[in-house]
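The structure under discussion appears below in the form of structure tokens.
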Amino acid sequence: MNGFLNILKPPGMSSGAVVACVKRLTGQRTGHAGTLDPEAAGVLPVMVGRATRLLDYFPDKSKSYVAEIAFTGATDTQDAQGVIVENAKRTPRREEIEAALDGFRGVILQRPPAYSALKHDGVPLYALARKGQMVETQARETEIRSLALGRKTERGGYMLSIDCGGGTYIRTLCHDLGQALDAPAHMRFLVRTRAGAFGIGSAVTLEELTQARENGSMEAHLLPLDYPLKDLPALRLSREYWKTAKNGGKLPAMLMPELEEGGRCRVYADALAGVAHRCGNVIRFDVGVMGE
């Protein structure tokens, strides 16, 4: 099996545990394309077999989420699993929140939370934080493409809909929004509805995947190797170049004259051969998916 499984991750399960489960079911090398916090739910694309080679070449790494922000206090983890470190004194009005959202749209600076999977000297920050060793992270740019306020919920909460670039921390967004409103907040609930090309409408649960394995129909859920690459232009080779492509050799740029210098494309022989880029008069492979 080589391709992608669009898994609907349940809350309370780590991304690594999902990948391990898929590995047991498929018997193949696996990896996930974008971590979800254990308590979050939603879309978790899992790469199977040769698909694990393609992660760095997805043209679309944006994400979409639905989250609940709770103006009941800030926590040390910035989500509902943490300990309250700053109590809330009020719940802001809808018009206040709407006005504050403008400061979080577009390209913004965000400081990754201390409880995150980022590593410091090879150790995940959350592991250091649990030992009381808090590492000061550097603020970095991220893009919030759209941010909309939804309905009010119980206990000082509001729903948010977010479309953002890769690497955005939604719990940090909730925390920072609370700070901007002088109304300490944390993320109470999170569902990822889209990860790049993978949407929640076509996601499959682990229970459904297990049943499919028992029925011998698991491959029906497998998405092809080129599924997340559709935004890249396609170079379809005539048979005379198939062997070169399968061996990862250089191809003449004249085969795709419209490809700009440095531009990437997906290359097909009799099937997807890999992802390549133009370098002068040749097209060089970045990654191949045909060879072992």
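Some values worked out for this structure:
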quantity: Candidates LYS131, LYS119 - the one that is farther than 21 Å from ARG192 by Cα, within 21 Å of the chain's Cα centre (by Cα) and at pLDDT below 60; calculated: LYS119
quantity: Residues of segment 244-268 satisfying the condition of being within 29 Å of the chain's Cα centre (by Cα) and on the phi < 0 side of the Ramachandran plot; calculated: LEU259, GLU260, GLU261, GLY263, ARG264, CYS265, ARG266, VAL267, TYR268
quantity: Enumeration of residues in segment 201-217 that are closer than 25 Å to ARG266 by Cβ and either touching an Asp or Glu at 6+ places or on another chain (Cβ under 9 Å) or assigned to a helix (DSSP H, G or I) (or both); calculated: GLY201, SER202
quantity: Qualifying residue in segment 242-254 (condition: closer than 24 Å to VAL48 by Cα, surrounded by fewer than 19 Cβ atoms within 10 Å (Cβ to Cβ) and among the charged types (D, E, K, R)); calculated: yes
quantity: Hits in segment 222-265 - residues which are under 22 Å from PHE4 (Cα atoms), in contact with a strand residue (DSSP E or B) (Cβ under 7 Å, 6 or more places away or on another chain) and acidic (Asp, Glu); calculated: ASP226
quantity: Test set (1) buried (at least 22 other Cβ atoms within 10 Å of the Cβ); (2) in contact with a helix residue (DSSP H, G or I) (Cβ under 7 Å, 6 or more places away or on another chain); (3) among the basic types (Lys, Arg) - LYS63 fails condition number; calculated: (2)
quantity: Residues of segment 39-91 that turn out to be among the hydrophobic types (A, V, I, L, M, F, W, C) and more than 20 Å from the chain's Cα centre (by Cα), as a count; calculated: 9
quantity: Condition broken by GLY106, with the remaining ones in (1) at negative phi; (2) loosely packed, with under 15 Cβ neighbours inside 10 Å; (3) modelled with pLDDT of 90 or more; (4) within 21 Å of the chain's Cα centre (by Cα) satisfied; calculated: (1)
quantity: Residue match in segment 57-80 (condition: free of Cβ contacts under 8 Å to residues at least 60 places away in the same chain, touching a Gly at 6+ places or on another chain (Cβ under 7 Å) and not in a helix (DSSP H, G or I)); calculated: yes
quantity: Among (1) within 19 Å of SER64 (Cα to Cα); (2) touching a Phe, Trp or Tyr at 6+ places or on another chain (Cβ under 7 Å); (3) outside any strand (DSSP E or B); (4) at pLDDT 95 or above, the one test that PRO112 misses; calculated: (4)
quantity: Any hit, segment 9-24, residues being crowded, with 22+ Cβ neighbours inside 10 Å, outside any helix (DSSP H, G or I) and outside the structural domain of GLY263 (by TED's automatic domain parsing); calculated: yes
quantity: The lone exception for ALA273 - which of (1) over 20 Å from ARG50 (Cα atoms); (2) touching a residue at least 24 places away in the same chain (Cβ under 8 Å) it fails; calculated: (1)
quantity: Residue match in segment 220-228 (condition: of a type outside the set (Gly, Ala, Ser), touching a residue at least 12 places away in the same chain (Cβ under 8 Å) and surrounded by fewer than 16 Cβ atoms within 10 Å (Cβ to Cβ)); calculated: yes
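Conditions tested, residue by residue: (1) in the same structural domain as THR72 (by TED's automatic domain parsing); (2) over 18 Å from the mean Cα position of the chain (by Cα); (3) in contact (Cβ under 8 Å) with a residue 60 or more places away in the chain.
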| site | (1), (2), (3) |
| --- | --- |
| ARG151 | yes, yes, no |
| GLY156 | yes, yes, yes |
| MET159 | yes, yes, yes |
| ILE162 | yes, no, yes |
| THR168 | yes, no, yes |
| ARG171 | yes, no, yes |
| GLY178 | yes, yes, yes |
| LEU181 | yes, yes, yes |
| PRO184 | yes, yes, yes |
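The values are calculated or read from the model by the stated rules, or taken from the named source; none is laboratory data. Owing to the predicted nature of the structure, the values given are computational and were not obtained by experimental measurement. Neighbour counts run over all protein chains shown; Cβ positions are idealised from the backbone, glycine included.
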